[in-house]
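Undergrad: Okay, here's the structure, questions in a sec.
The values are calculated or read from the model by the stated rules, or taken from the named source; none is laboratory data. What you see is a predicted model, and the numbers here were worked out from it, not measured in a lab. Here the Cβ positions follow ideal geometry from the backbone for every residue, glycine too, while neighbour counts run over all protein chains shown.
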Amino acid sequence: MLEVKVAWFLVLCLVILANCINVLGQNQPRITNNFSPARIPIADLEDLNLTCTGVSYSDPTPTWKKDGKHVSVNTSISIENGQTSTGIPTSTLIWRKVPLEASGMYTCQFAGVGEDTEEIYIMKAETVNVQVSPFSAVNLTCTVFNWQLYEGPQFYKNNTLLDANNNNYEQSDEITTLNRGISQGKVHSFKILNATKYDGGKYTCMVTVRYGKNNGNTEHLRSDFILTVSESSDVTRGGGISWQKMHITGFFIISLLSQALGYLIL
C-alpha cells in the first residue's frame, strides 16, 4: 500500500513540474519573423525582419545579439522598438538586403526577464567570373548555400539553356562542399571542353528551391557571371614561341638578307 502511495505522489510531482515548465516557457520573450515559419528560405538581398515580443508591460527595452555580439545599427540595419495593443513591449530588427554573412544565431534579450534565440540561414547561389585562353577547357561553377532541397543548378548563356548532351559540354556529377562561417555550400560544375571566342559572354546559374507543405512552394535563386575567352595574339602554340614573335623574327631576318644582297649587287 505504501508503494502505491509513493508512486501516486511521484506522478503528481511530475505533473506539477511539467505544468511549471510549461508556464515558465510561455512567459519567455518570443522571436517571430517576416518569413513564417522561420525555416522558410531567406534569400540573399531580401529584407529580414525579426520581431521580439516581451511578456509584461513592465519589461525593459530589449537588446539584440548576433552570434553572441551586440547588433550595431548602421545604414543596412535598424531596430524599431514599440508595443502591442495591450502594452507589451516589442522590438523589430530590420536588415535590408541581407548578405550571406547575415546567417547566424539571433538573440533578443530582456534584461532580468528572459531571452529567445532564432537560427537564421541565408540562401545564396554564388558564381565567379572566369577568364581562359582559346581552345582550352573551363569549369563553370555554381555554389548553392544553406538549403538542401533544390533542383539544378542549370546554366544559361544569354537566356539559352546549355545542353549537357552537346559534345562540347560536360555536366559533372561530382559535388564538393564549401564552408563559410556557419554557412555550408554545395559546389556544382559544368565544363566547356573546348572554349572558343564564341563561348565568351554572360552566363547565369539558376536554382529552384522547394519548401513548405509537400515541398509545394518554390523560390528561384540566380547568379550571373562573365566568361572571357582571351583573344591575345601572344597565346603560345608549341615550343612556347608565339605566332606574333615568329612573324616579327622572320620579317627581321628577311630584311637583313635583303640588305646584304643589296650590298653584294653594288
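Undergrad: I'd like to check something: does segment 101-122 contain any residue that is modelled with pLDDT of 95 or more and among the aliphatic types (A, V, I, L, M)?
TA: The answer is no, given that none of the residues of segment 101-122 is modelled with pLDDT of 95 or more and among the aliphatic types (A, V, I, L, M).
Undergrad: When segment 53-112 is examined, which residues are found to be polar (S, T, N, Q), within 22 Å of MET123 (Cα to Cα) and assigned to a strand (DSSP E or B)?
TA: SER78, THR92, THR107
Undergrad: Report yes if GLU118 is surrounded by 14 or more Cβ atoms within 10 Å (Cβ to Cβ), among the acidic types (Asp, Glu) and either over 15 Å from LEU221 (Cα atoms) or not assigned by TED's automatic domain parsing to the domain that holds GLY54 (or both), otherwise no.
TA: yes
Undergrad: Continuing with the same structure: Residues that are exposed (fewer than 12 other Cβ atoms within 10 Å of the Cβ) and touching a residue at least 60 places away in the same chain (Cβ under 8 Å): which strands (runs of 3 or more DSSP E) entirely in segment 148-214 hold 1 or more of them? Outline the logic, then answer.
TA: Working: elements: 150-157, 169-171, 176-180, 183-195, 201-211.
Once the strands (runs of 3 or more DSSP E) in segment 148-214 are filtered for at least 1 residues that are exposed (fewer than 12 other Cβ atoms within 10 Å of the Cβ) and touching a residue at least 60 places away in the same chain (Cβ under 8 Å), nothing remains.
Undergrad: Looking at VAL144, VAL98, VAL128, VAL113 in this structure, which one is in contact with a strand residue (DSSP E or B) (Cβ under 7 Å, 6 or more places away or on another chain), surrounded by fewer than 20 Cβ atoms within 10 Å (Cβ to Cβ) and touching a residue at least 12 places away in the same chain (Cβ under 8 Å)?
TA: Going through VAL144, VAL98, VAL128, VAL113 in turn, the sole match is VAL128.
Undergrad: Can you tell me which of (1) closer than 19 Å to PRO153 by Cβ; (2) out of contact with any strand residue (DSSP E or B) (no Cβ under 9 Å at 6 or more places or on another chain) is the one GLN184 doesn't meet?
TA: (2)
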